[in-house]
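The values are calculated or read from the model by the stated rules, or taken from the named source; none is laboratory data. From a predicted model like this one, the values you see are computed outputs, not experimental measurements. Please note: Cβ atoms are built from the backbone with ideal geometry, for glycine as well, and neighbour counts cover all protein chains shown. Heads up: the accessible areas ignore ligands, DNA and RNA and are worked out on the full protein's heavy atoms, side chains in. Shrake-Rupley method; radii C 1.70, N 1.55, O 1.52, S 1.80 Å.
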Amino acid sequence: MPVVTLTTEWRPDDIYHGIIKGKLFSKCPEATIVDNAVNIPAFDILHASFIIRNTFNNYPKGTIHIICVHSEAVKEQNYLVVKARDHFFIGTDNGIFSLILNSDRMRW
């Protein structure tokens, strides 16, 4: 059973919070979805990276960490999936992975 964490700038009562959880459960009903951190100040990737950097190792190996900070919908926006330290990270290509993983070798 996969563990999926959410780190977002959305509040728990925000419509987007419900949409992403609903979509995740629809696509992967056996997943355990955990709010790692919510209501991070909008676009504050430094705050988000600090939280993720200090929490992700407490989850089981193979956990998928979805990062929705600095996540406005822009058609030209690039997204990345990074595997590092036996965890998977999904988020916007905005520099946050370097902040989370520092000098770890990243696999794209």
Exercise. Sorted by mean Cβ packing within 10 Å, highest first, what order do the peptides 15-21, 50-56, 95-101 take?
Worked result: 95-101, 50-56, 15-21
Exercise. Which order do Val3, Val81 take when ranked by solvent-accessible area (1.4 Å probe, heavy atoms of all protein chains), largest first?
Worked result: Val81, Val3
Seminar exercise, completed: Here the Cα Rg-to-2.2 N^0.38 Å ratio for the chain is 1.00
Problem set entry | Helix-derived mean residue ellipticity, 222 nm - over the chain, DSSP H n ≥ 4, -39500 (n - 2.57), to 500 | -8000 deg cm²/dmol
Problem set entry | Relative packing of peptides 22-28, 83-89 - highest average C-beta neighbours within 10 Å first | 83-89, 22-28
Seminar exercise, completed: Taking placed amide H atoms and a strict 5 Å upper bound, the residues 5 or more places from Val34 or on another chain that come that close are Val4, Thr5, Leu6
Problem set entry | Rg/Rh ratio calculated on Cα atoms of segment 1-49 (Kirkwood radius) | 1.00
For this session: Just the number, please: carbon plus sulfur as a percent of the accessible area of segment 32-92, 1.4 Å probe, no ligands or DNA/RNA counted.
Result: 56
Problem set entry | Under Karplus coefficients 6.51, -1.76 and 1.60, residue-wise ³J(HN,Hα) of segment 11-27 in Hz, glycine/proline x | 7, x, 9, 7, 4, 5, 4, x, 5, 5, 5, x, 5, 4, 5, 5, 7
